[in-house]
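One structure is given below, encoded as structure tokens.
The values are calculated or read from the model by the stated rules, or taken from the named source; none is laboratory data. All values reported here derive from a predicted model rather than from experimental measurement. Because the Cβ atoms are built from the backbone with ideal geometry, glycine has one as well, and the counts that use them run over all protein chains shown. In case anyone asks, the SASA skips ligands and DNA or RNA and just uses the protein heavy atoms, side chains included. Shrake-Rupley method; radii C 1.70, N 1.55, O 1.52, S 1.80 Å.
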Amino acid sequence: MVHTDKEKYSEVLSTSLEYLENIGFENIKADAEGYETPKSYLKRGSDINITPDIVAEKEGRKHYFELSLKSDKTRLLKSKWLFLNTLSAMSASRFKIITTRGHYKFTNEMLEDINLTDKKLIKL
């Protein structure tokens, strides 16, 4: 999710964190109250910070989770997803997308636009 939408979708973020805890993820970092903030990455040549929505570990492997919710800033969201996908491939970790009812079509269209159709969605 884009930084400007964080307040609007804070309930979805907390539901996602609860879900990940219940299925066994540990060392969870998220930009939410009560959690440590994940590491941010600065895009060269601009003032854009890229911060994964959720970073967690399971069975010794790091997972990057991104919440897919409707947004007006689709270009920024696409570049964020591509960056996180590349980062996870380079570091032998996993990148997954979490979405909720009402956002499935938006998410699938975004994934098709950036050729990440192999990603399985986590539907809450």
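Of everything in the stretch 1-40 that is among the hydrophobic types (A, V, I, L, M, F, W, C) and in contact with a strand residue (DSSP E or B) (Cβ under 7 Å, 6 or more places away or on another chain), the residue that is farthest from Thr74 (Cα to Cα) is Phe25.
If only residues of the stretch 65-112 that are aromatic (Phe, Trp, Tyr) and closer than 22 Å to Tyr41 by Cα are counted, the one that is most open to solvent (accessible area, probe 1.4 Å) is Phe83. Scanning the stretch 87-106 for residues that are in contact with a Lys or Arg (Cβ under 9 Å, 6 or more places away or on another chain) and not in a strand (DSSP E or B) returns Ser88, Ser91, Ala92, Ser93, Thr100, Arg101, Gly102, His103, Tyr104, Phe106. Looking for something closer than 18 Å to Asp5 by Cα and out of contact with any Gly (no Cβ under 8 Å at 6 or more places or on another chain) - is there at least one such residue anywhere in the stretch 85-98? Among the residues of the stretch 85-98, at least one is closer than 18 Å to Asp5 by Cα and out of contact with any Gly (no Cβ under 8 Å at 6 or more places or on another chain), which makes the answer yes.
Within the stretch 24-42, track down each residue that is exposed (fewer than 14 other Cβ atoms within 10 Å of the Cβ) and touching a residue at least 12 places away in the same chain (Cβ under 8 Å). The answer is Gly24, Glu26, Asn27, Thr37, Lys39.
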